[in-house]
Structures are given as C-alpha cells and as structure tokens.
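Undergrad: Sharing a structure below in structure tokens format, with a few things to ask.
Readers should treat all values here as calculations from the given coordinates under stated rules, not as data from a laboratory. The shown structure was predicted, so the numbers you read here are calculated from the model rather than taken from an experiment. We place every Cβ from the backbone using ideal geometry, glycine too, and count neighbours over all the protein chains shown.
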Amino acid sequence: MSEKNDGANRDATKRSARERLQLERERQKTRDKRRRTLVVSAAVVGVLALAAVVGLIAANAGKSGDSAKDGPVVAPSGATGKDALAIQTGKGEAKSTLTVWEDFRCPACKAFEDNYRDTVHELEAKGLLKVDYHLVTLIDGNMGGSGSLKSANAAACAQDAGKFTAYHDLLFQNQPQEVDDAFGKNAKLLELAGKVDGLDTPAFRKCVEDGTHNSWVGKSQEAFRAGKFRGTPTVLLDGKDIFADQANPLTPQKLKEQVEGAATGSGGGSAKGTDAKDGAVSPKGAGKASPSASTGSRSGAVSGSGSGSTAGSGTASGAKASPSSEPSGRGANSAPKAGSGGSPEN
C-alpha cells in the first residue's frame, strides 16, 4: 500500500513539474510577444517621426517668400533685354545705353548711385541715355539674409506700378549697414514705399508680400554669375566696362562727356586727371579694412567708409573677403580708383 502511495506521489510531482514548466513556457512566450510588439511599435514611431521631420524641412524649403528659385518666373511690367531680365529707364530711342548690375545691400552700389545719380537722370531727361538695371543678390548669398532678394522684388513691384526710378533711388538713399538685413523685412520695404507718391497700394503690398518677382530676381542673379562679372556694381556703357581704365578713372563729368559725344558723333571727351575738378569724390576713411574689402585682387581694393572700395597698389593686408564678390576668385581687376564713385564689391 505504501509503495502505491509513493508511486502516486511521484506521478503527481512529475505532473506538477511538467505543468510548472509548461506554464513558464507560456509566460515566456507572452513576454517575447510583448517585447516584439514594443520593438515594432518603437520602429514605427521612429519612422513616423523621421517622416514628419523630412516633411517639415520640405515645407519650409518650399516657402516662396524666402527663395529666389521657387514659383514661376514673373517678369515685371516692361522688362526688357535677354530673357526680360532688365528694367529700363530713360527714353528707348536714346543712343547710349548704360547697363548696371547692382545689389540694394551693396555699399559700393550706393556710392555709385549717390555720385552718379544726378548725372544719369540729367542725361536721361535730355534723351541721350537709357539705363538697363539688372538686380542681383550677391550679399544675401555671401552674408546671409534675404534683404537683397526682397528689396529687388519690391523694386520690380514698383516697376509694375510705374514707380521704379523713385523707389530704386529711395532704397539706395535709405540703405542699411551692409551687415544689417533690414531690407529682409517687408514692413521696412512697405514703409519706404509710403514715401513714394502713389506707390503704397494694395496691389503693391500684395506683390511685395507674395514675393511675386522672386524667381525673376533669382534668374537675374544666375545671369550675373554666368556673365563672370567682377562684382557689384558692374557698369557698362554701350557694352564697355567704363571702370576698366585704372589710369584714367571715370567721373560723372567724364560720363556726361562720353554720352554727349556719342550723341553728336564726336566720340565724347576724354578729360585726363583725377583731381576734384573732374568731379572725383574721395571716399571717407579710405584704407580702412571693412567686410567689403577685397583680398587677392591685383588692384588691391580697400573699402572706404560707406562709399565702396578704392583701388590701391598691391593687396590689402588683412582685408576680409567682400560679401559682394562671386566665389570665382576673379578679384577686382577693373575696379575704379578713388573718386569714381566706389569700386565694385568683390
């Protein structure tokens, strides 16, 4: 009897061990399944998070207000030249054509405009000169920001309203410091528009805020780069770089003589000398290195105070690379000397 009881106990013990083992196996399967579920869930969450980040980046990259390449190319009213990339002022039948590539954030461009504005307007009024303006975004690309792009777009919007010349001049007269991207704010551009009679309209505001001509400005910048110009401003008179002659730098008076000479067939004056009698304006603080000073150029351009660069002999020691230069490293080989209204930003 005792032996039977012992056998029964052993059987019960074995069954209990098998049951415990089976139960433990079931528990382990449950734990494994839960772990796999957590791993898969974490992977799915990670993928979704990555997709969200990528989508956000793509959405931000697609905002047309800050990009010069988004959206269709919409040329401003009356745009002319190859691919309609120029805004022309003056009378179309004028014999001489001044071609100007400039950036509204460029100090040397402001210097050129301040020194030559009255002469250019006088020659336009006489029907002797027309000007083709090409707007570029060099400083945005080299210093960051969007002021070059947005101010150029706003100027194109002013062209749509028939107010380009007045707004163009006003932008340069109110140009912020080169490192200040004030023109990157639409509010500033609209504030200035209020100073031009009849410009601040709902249509103009919409054009500015929508960046209607951003892609057109971007295409102009691409054309500038393809042209391998030395910097801004680049100024051509009937296709010839009028800042190229370092021995006899241009002055407003010489520009006037050349244009009037072309109109009469005399070839224009070629007054020599570089003193004040020729209309030369010496930049303040010449020789002081600035963010716009060129390095590695054969003319050794050294930026003046708010009036562009002045060309000297040799390379400016310690000068920083100019924000208005193209990355081609061509240098300021044909930048005008002091008194020419500021050398191109290189």
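Undergrad: Provide the net charge surrounding Lys195, with neighbours chosen by a C-beta distance below 13 Å and charges set as Lys +1, Arg +1, Asp -1, Glu -1.
TA: Overall, the nearby charge balance is -2.
Undergrad: Give me the one-decimal Kirkwood hydrodynamic radius in Å for the range 121-183, with the sum taken over alpha-carbon pairs.
TA: 12.9
Undergrad: Then there's this: What ranking, highest mean first, results for peptides 110-121, 131-142 when packing means the other Cβ atoms within 10 Å averaged over each residue?
TA: 131-142, 110-121
Undergrad: Going through the cross-link list Lys82/Lys188; Lys130/Lys185; Lys126/Lys195; Lys163/Lys256; Lys91/Lys188, which pairs have a Cα-Cα distance over 29 Å in this structure?
TA: In this structure, Lys82/Lys188; Lys130/Lys185; Lys91/Lys188 exceed 29 Å between Cα atoms.
Undergrad: Could you work out, for the range 95-137, what percent of all Cα-Cα pairs fall into each 5 Å distance bin, beginning at 0 Å and stopping at the bin that holds the largest distance?
TA: For the range 95-137, the pair-distance distribution reads 5, 22, 28, 25, 13, 6, 0.
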